Amino acid sequence: MGAKVPRNFRLLEELEKGEKGLGAEACSYGLAEGDDLLMSNWNGTILGPPHSVHENRIYSLKMHCGEEYPDKPPAVQFISQVNLPCVNPRNGVVDPSKLPCLANWNRDMTMETILIELRRYMAHPSHKKLPQPAETLEY
Amino acid sequence: MALPKRIIKETERLMAEPVPGISAVPHGDNLRYFDVTIDGPESSPYNHGRYKLELFLPDDYPMTPPKVRFMTKIYHPNIDKLGRICLDVLKSNWSPALQIRTILLSIQALLGAPNPDDPLDPNVAKKWVDDPDDAIREAKVWTWKFGMDYLGFEERKKLRSDFPTMAKGDENYHRAKISDGTT
């Protein structure tokens, strides 16, 4: 086991990776406010996976990293309306018990892990044909 | 993983022979993670400010430099809005012969000698070049606003006259500037 990277340095690493676009092409993320020294609030986007109802859609969401991040996962909430079993249809909050990476979170996972997994979740055979709200709607 | 001897030695020496104006205390649950304070140098606009920083020694320290960040807001051309520091010894000029102690001294020296030619915050750096008097004034306003929490009310009050009252963009800024005698 290596050195335990503290929250803020871990978030700076994720920020740099997000800014440089080194991550997965179909997902992006960054700080909601560029001068937030606590680095708590983040925005993310997911480009809907091909061969699904989500194709060519861009979903925005917000993530909140609390003081215990990355020992605890961030709270994740869709801004764009989406119809998925793991998302509360009233407010867009992702139910952590229904998304495996949040349910089985460990500190090696990142916000990018979550975005990629959500995108895979959208492409899942049982989710890729679910009827979706109009594209511009937000919670 | 056991803590390398090098880190134990450095920590012991930081405790036994602290550097004046600098403190570094490891977290009880992570001995590679330090709470740091650095006092602003006397002849700088950061004088009387005490800045909080955090420092982390990565796995491959001392082959790679420590990671350091300001946690107190500061107006400085080489420090960005998230407290990241642009300093050669933290990047390409790092050498394993350097230590936590020398790095913190270099950061303190950077407060006394801002380097707008190698900026991290381009807006602050531009101000530093175009209108250095105004930049220094702004830096003092930030010191007063964010860097002096460690002082009691009375101590702060005594120092009030050393600091300009308004930041750029505040109402009555230009009037305040004239009454400070900074124009």
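In table form, for the structure just shown:
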| quantity | calculated |
| --- | --- |
| With 10 Å bins from 0: P(r) over the protein assembly as shown, alpha-carbon pairs, percent | 5, 22, 25, 21, 17, 8, 1, 0 |
| Of A:Lys4/B:Lys73; B:Lys73/B:Lys158; A:Lys62/B:Lys126; B:Lys73/B:Lys157; A:Lys20/B:Lys81; B:Lys67/B:Lys127, those spanning more than 24 Å from alpha-carbon to alpha-carbon | A:Lys4/B:Lys73; A:Lys62/B:Lys126; B:Lys67/B:Lys127 |
| Average beta-carbon neighbours from other chains, 10 Å sphere, peptide A:4-11 | 6 |
| Modelled FRET efficiency - R0 51 Å, A:Asn88 with B:Lys145, Cβ distances, 0.05 increments | 0.80 |
| Simple spin-label estimate for B:Val19 and B:Asp88 in nanometres, 7 Å along Cα-Cβ | 1.7 nm |
| Heavy-atom surface of the range B:49-131, accessible at 1.4 Å and reported per residue (Å²) | 42 Å² |
| Ordering of B:113-121, B:16-24 by burial proxy (mean other Cβ atoms within 10 Å per residue, highest first) | B:113-121, B:16-24 |
| Complex-versus-alone comparison for the range B:1-44, residues with a loss of 10 Å² or more in accessible area, probe 1.4 Å | B:Met1, B:Asn30, B:Arg32, B:Tyr33 |
| Debye log10 I(q)/I(0) for the range A:1-72, one point scatterer per Cα, at q = 0.23, 0.26 Å⁻¹ | -1.05, -1.20 |
| Isotropically averaged projected area of the range A:16-135, using the convex hull of Cα atoms (one quarter of hull area), nm² | 7.4 nm² |
| Centre separation in Å (Cα based) which lies between the range B:117-168 and the range A:82-122 | 43 Å |
| Dmax and Rg, reported as Rg then Dmax, of the range B:49-88 (C-alpha, Å) | 11.3, 33 |
| The range B:15-65 versus the range A:1-61: alpha-carbon centroid distance in Å | 29 Å |
| Between B and A, accessible area buried - total, square angstrom, nearest 100, 1.4 angstrom probe | 1500 Å² |
| Structure-based [θ]222 nm, chain B - -39500 (n - 2.57) summed over DSSP H runs of at least 4, per residue, nearest 500 | -10500 deg cm²/dmol |
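The values are calculated or read from the model by the stated rules, or taken from the named source; none is laboratory data. Note that the structure is a prediction, hence the values are computed from the model and not measured. So basically every Cβ, Gly included, is an ideal-geometry build from the backbone, and we count neighbours across all protein chains shown. Quick note on the areas: whole protein, heavy atoms, side chains included, nothing else; ligands and nucleic acids left out. Shrake-Rupley method; radii C 1.70, N 1.55, O 1.52, S 1.80 Å.
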